[in-house]
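Colleague: Attaching a single structure in structure tokens format; questions to follow.
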Amino acid sequence: MSDLQVDPAILGAISSAYFYSYAIAQIPAGAMLDRAGVKKTLIIFSLLACLGTFLFSQGHDALQVTIGRALVGFGVGAFFLSCLKVAALWFETREFGFMLGVTTSIGSLGSIAATAPLAVMTLIIGWRGSFLAVLVFMLALTVYSYLILPHTHPQAHSSSTQGSLSSQLKMVFTNKEFLVLFPIPFLSYGTMMAFHGLWGGPFLMQVYGLDKATAGSVLLMVSIGFLSSAAFVGWLSDKVLKSRKKVIIIREAILLIFWVNVVFFTPLLPYWFFYALCFLLGMGFAAADLYMAMAKEMFPVEMSGLTTASLNLSNFIGVTFFQVVLGFMLRNATGTAADIYSGVFMLCLAAVALSLTLAFFTKETLK
């Protein structure tokens with residue numbers, strides 16, 4: 001904030017540019033995956049992300065870094081969808097949840113690198129140098145993907161993908177089961193990422209007086225909780241409970257427990273207790289993949305790119321909304337740091353309580 005001379009509300013807006021553009025990318029990326037295949041889609045979007053990373057690292061005011069961050073968000077908008085598309089085409093329905101868990105467990109290594117390791121790197125080479133290092137890594141992965149990525153499974157281009165995009169979108173967004181599911185990621189994922197991705201660090205530093213590296217180590221537990229639970233949650237859904245709905249209800253209850261502790265017991269809780277709470281938050285995060293599984297199972301597999309992209313919109317609209325709204329609330333709040341954050345995070349508690357309620361009204365899709 002000091003380098004760019006911005007306040008918390010502007011920082012929230014800059015951060016949210018990633019999620020706005022990510023959300024905008026979902027429908028084009030999903031449709032392109034269904035029609036052009038994974039390899040072509042992934043390479044094009046990856047190059048856009050690389051360009052955005054470079055612009056972000058060289059930005060000197062809020063507008064410049066916002067443009068760079070928006071390009072990054074749009075570019076990476078196809079990454080997770082590509083994994084979902086491959087899993088949908090190559091694995092059976094009762095293997096899908098487990099494969100999503102394995103995939104996102106591997107992906108969570110990036111989240112781990114973005115907490116304490118990134119905080120240490122920024123202390124050594126600065127935030128600009130850190131993003132240039134990320135750019136080099138992304139370019140290497142793009143070249144690697146171009147050289148080794150196989151073409152999409154032949155089923156990807158069946159006749160089911162030849163209908164107009166508008167007719168397929170109408171099919172998705174007039175489906176009653178989908179409409180019940182759609183708000184849940186907005187509420188639960190949006191609040192979780194607002195804490196883990198932006199406001200959790202300032203909360204720990206301002207309320208508990210932690211330095212940046214220690215706060216990063218606390219938030220690292222979210223990624224560790226996710227990494228240790230994602231594949232298990234998928235297996236639990238696929239093979240043990242044989243249910244998506246039961247697992248997401250448990251997930252929403254876990255998130256509710258987290259927010260109750262943050263809102264009502266700060267600063268009575270010692271800071272080290274947040275290691276356990278953040279691990280719990282990561283476990284709740286691990287079940288988020290099952291929403292994608294539910295969306296995919298509501299429609300023909302040939303539409304899986306578009307259907308999962310449509311639900312993924314809810315995730316990132318939610319992140320954008322809560323990051324910006326919480327930023328404005330924090331800027332205008334008065335009182336001690338503990339009182340301010342407890343009051344502001346009450347919105348997150350209410351949102352997760354609503355998402356838990358909605359989870360009971362979803363329809364089981366695993367058959």
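Colleague: What are the residue pairs meeting all of these: first residue in region 299-310, first residue surrounded by 24 or more Cβ atoms within 10 Å (Cβ to Cβ), second residue in a loop (DSSP other than H, G, I, E, B) and of a type outside the set (D, E, K, R), Cβ atoms under 7 Å, and 6 or more apart or on different chains?
Modeller: Pairs found: Thr307/Met298; Thr307/Phe299.
Colleague: Pull out all pairs, ordered by first then second residue, where Cβ-Cβ is under 9 Å, the residues are six or more apart or on different chains, the first lies in region 268-296 and is touching a residue at least 24 places away in the same chain (Cβ under 8 Å) and surrounded by fewer than 24 Cβ atoms within 10 Å (Cβ to Cβ), and the second is of a type outside the set (A, V, I, L, M, F, W, C) and not in a helix (DSSP H, G or I).
Modeller: Tyr271/Gly209
Colleague: State whether one or more residues within region 327-336 are in contact (Cβ under 8 Å) with a residue 24 or more places away in the chain and of a type in the set (D, E, K, R).
Modeller: Yes: one or more hits.
Colleague: Quick test of your reading of the structure: Ile184 fulfils all but one of (1) at pLDDT below 95; (2) of a type in the set (Val, Ile, Thr); (3) within 17 Å of Leu255 (Cβ to Cβ). Name the failing condition by number.
Modeller: Here Ile184 meets the rest and fails (1).
Colleague: Consider Ile44 carefully, then state whether it is out of contact with any helix residue (DSSP H, G or I) (no Cβ under 7 Å at 6 or more places or on another chain), modelled with pLDDT of 90 or more and among the aliphatic types (A, V, I, L, M).
Modeller: Here the answer is yes, as Ile44 does meet what is asked.
Colleague: Taking region 186-203 on its own, how many of its residues are under 16 Å from Ala17 (Cα atoms) and polar (S, T, N, Q)?
Modeller: Qualifying residue count, region 186-203: 0.
So that you can scan it fast, the table gives a plain yes or no per residue for (1) in contact with a helix residue (DSSP H, G or I) (Cβ under 8 Å, 6 or more places away or on another chain); (2) in a helix (DSSP H, G or I):
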site	(1), (2)
Met303	yes, yes
Thr308	yes, yes
Leu313	yes, yes
Phe316	yes, yes
Thr320	yes, yes
Arg331	yes, yes
Gly335	yes, no
Asp339	no, yes
Ser342	yes, yes
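Colleague: Tally up the residues in region 346-367 that are among the hydrophobic types (A, V, I, L, M, F, W, C) and either modelled with pLDDT under 95 or in a loop (DSSP other than H, G, I, E, B) (or both), please.
Modeller: Residues meeting the conditions: 3.
The values are calculated or read from the model by the stated rules, or taken from the named source; none is laboratory data. Quantities reported herein were computed from a predicted structural model and do not represent experimental measurements. Here Cβ is always computed from backbone atoms with ideal geometry, including for glycine, and neighbour counts include all displayed protein chains.
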